[in-house]
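Encoded as structure tokens, the structure appears first; notes follow it.
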Amino acid sequence: MKLGTKLIHAGVAPDPATGAIMTPIYQTSTFVQEAPGVHKGYEYARTGNPTRTALQNALAAVENGNHGLCFGSGLAATDAILKLLNPGDEIIATNDLYGGTYRIFTKVFERYGIRFHFISMSDVNNISNFVNENTRMVWIETPTNPLLNIIDIEGAARVAQQHNLLLCVDNTFASPYLQNPLDLGADMVVHSATKYIGGHSDVVHGAIIVKEESIAQQLAFIQNSCGAVPGPQDCFLVLRGLKTLHVRMQRHCENGEIIAHFLRNHPKVDKVFWCGFTDHPNHDIAKEQMRGFGGMMSFTLKDDSAEAAQKVLSRTHFFSLAESLGGVESLIGHPASMTHASIPREERLKNGLVDSLIRLSVGIEDAGDLQDDLKQAIG
Ligand SMILES: *Cc1c(COP(=O)(O)O)cnc(C)c1O
């Protein structure tokens with residue numbers, strides 16, 4: 001089955017009770033048993049719910065994994081993965097991470113004795129330099145947020161395997177349409193389904209997809225024991241979003257390409273960060289591991305004052321000033337004061353995230369309208 005078919009059919013079956021073609025929202029906390037321990041596979045909705053099961057199976061299929069696990073948010077999924085570790089264990093992570101991931105690593109899990117190394121992974125061989133006997137996991141995000149750096153997933157998997165480490169890939173920016181990390185050797189894929197998978201900015205949701213039965217069992221134990229599960233209504237919305245992922249992503253890619261080139265040719269724009277440019281430092285890897293380059297990009301103005309950036313941010317009409325990304329509507333944001341404010345300024349600057357950086361999530365509106373909107377906003 002090809003992806004476009006999987007997105008619509010995988011994991012879902014007509015409702016056995018009524019024949020409803022859409023998986024019902026099983027809004028129930030418990031399930032009646034015929035006799036103690038005799039039931040239809042469901043006992044209590046934290047442990048399992050049929051709407052969630054349909055979504056978990058669909059996500060497993062579209063990421064070419066064997067097991068999917070859903071959570072109340074992307075960060076709840078990340079939290080579950082970190083709970084695979086013990087005090088004293090170490091993670092090597094990329095230095096250009098989603099701000100919330102950086103925050104849960106440093107402000108929550110460091111207090112529980114887990115250590116993190118944030119390093120550049122534009123050359124994955126750098127990972128080996130930070131491995132010691134306590135290292136358990138490598139954590140990457142690619143393309144990265146908000147600088148659209150690309151990390152070689154297959155190369156990172158090779159290094160992780162050499163040292164017997166788990167490789168976790170945050171695939172939120174690419175979505176399963178553009179990239180499937182499990183096929184490239186990753187052990188775990190994590191998604192903020194709030195973004196492209198949900199696709200309509202109407203739900204907060206997270207997921208983990210794995211191949212290995214033993215990792216799936218540990219994660220299912222954590223999912224049930226810690227309880228950060230999504231409700232059935234949210235699972236329904238994500239399942240509905242998933243069905244159009246391929247069609248939306250095609251348009252995100254088309255519009256992204258148009259807007260990236262428009263910005264690059266604009267006399268007032270300085271740098272544009274988008275992995276589809278042939279002179280992007282890791283464009284060849286992006287081309288190799290992705291099916292397209294998506295609608296996420298960021299840019300700076302030649303006038304690098306905070307005021308110049310503020311002006312653009314406040315003048316767009318179709319690009320709404322908001323956190324988040326991946327919805328059908330276009331968004332504009334200022335990482336330094338919004339999504340990445342939780343990263344200390346020195347850390348941000350060290351990694352090239354300057355105060356004047358503007359991030360775009362290019363939606364699926366008419367590309368000409370989007371271009372005109374940016375044109376008048378940049379002036
Ligand atoms: C939004 C986001 C997250 C966190 O997901 P939530 O659903 O907001 O908890 C993690 N990683 C990336 C890359 C994100 O964009």
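The values are calculated or read from the model by the stated rules, or taken from the named source; none is laboratory data. The shown structure was predicted, so the numbers you read here are calculated from the model rather than taken from an experiment. Cβ coordinates were reconstructed from backbone atoms using ideal geometry, including for glycine residues, and neighbour counts include every protein chain displayed.
Does residue 138 fit the bill of being surrounded by 20 or more Cβ atoms within 10 Å (Cβ to Cβ), β-branched (Val, Ile, Thr) and within 14 Å of the ligand (Cβ to nearest atom)? In short, no.
Among helices (runs of 4 or more DSSP H) entirely within segment 154-246, having at least 2 residues that are in contact (Cβ under 8 Å) with a residue 24 or more places away in the chain and of a type in the set (A, V, I, L, M, F, W, C) singles out 213-226, 232-242. Among all positions in segment 31-41, there is at least one residue which is in contact (Cβ under 8 Å) with a residue 12 or more places away in the chain, farther than 16 Å from residue 222 by Cβ and in contact with a His (Cβ under 7 Å, 6 or more places away or on another chain).
Restricting the search to helices (runs of 4 or more DSSP H) fully inside segment 41-120 and requiring at least 1 residues that are in the same structural domain as residue 173 (by TED's automatic domain parsing), within 23 Å of residue 175 (Cβ to Cβ) and away from the ligand (no atom under 16 Å from the Cβ) gives 50-62.
For every residue, the table says whether it meets (1) out of contact with any Phe, Trp or Tyr (no Cβ under 9 Å at 6 or more places or on another chain); (2) at pLDDT below 95; (3) crowded, with 20+ Cβ neighbours inside 10 Å.
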| site | (1), (2), (3) |
| --- | --- |
| 61 | yes, no, yes |
| 74 | no, no, yes |
| 80 | no, no, yes |
| 131 | yes, no, no |
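I'd like the full set of residues that are part of a loop (DSSP other than H, G, I, E, B) and free of Cβ contacts under 8 Å to residues at least 12 places away in the same chain, limited to segment 268-291. Of everything in segment 268-291, those that are part of a loop (DSSP other than H, G, I, E, B) and free of Cβ contacts under 8 Å to residues at least 12 places away in the same chain turn out to be 278, 279. Number of residues in segment 84-115 that are of a type in the set (Phe, Trp, Tyr) and either closer than 21 Å to residue 221 by Cβ or in contact with an Asp or Glu (Cβ under 7 Å, 6 or more places away or on another chain) (or both): the value is 3.
Yes/no matrix, rows are residues, columns are (1) within 13 Å of the ligand (Cβ to nearest atom); (2) more than 24 Å from residue 99 (Cα to Cα):
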site	(1), (2)
164	no, yes
172	yes, no
188	no, no
203	yes, no
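Could you check residue 211 against (1) at pLDDT below 95; (2) within 16 Å of residue 66 (Cβ to Cβ) and say which number it fails? Looking at each condition in turn, residue 211 falls short on (1). With respect to being among the hydrophobic types (A, V, I, L, M, F, W, C), more than 16 Å from residue 195 (Cα to Cα) and buried (at least 18 other Cβ atoms within 10 Å of the Cβ), residue 374 fits the description. Note on segment 298-328: residues that are within 16 Å of the ligand (Cβ to nearest atom) and either surrounded by fewer than 19 Cβ atoms within 10 Å (Cβ to Cβ) or not in a loop (DSSP other than H, G, I, E, B) (or both) amount to 4. Check whether at least one residue in segment 256-265 is outside any helix (DSSP H, G or I), farther than 25 Å from residue 183 by Cα and within 19 Å of the chain's Cα centre (by Cα), and report yes or no. No: zero hits.
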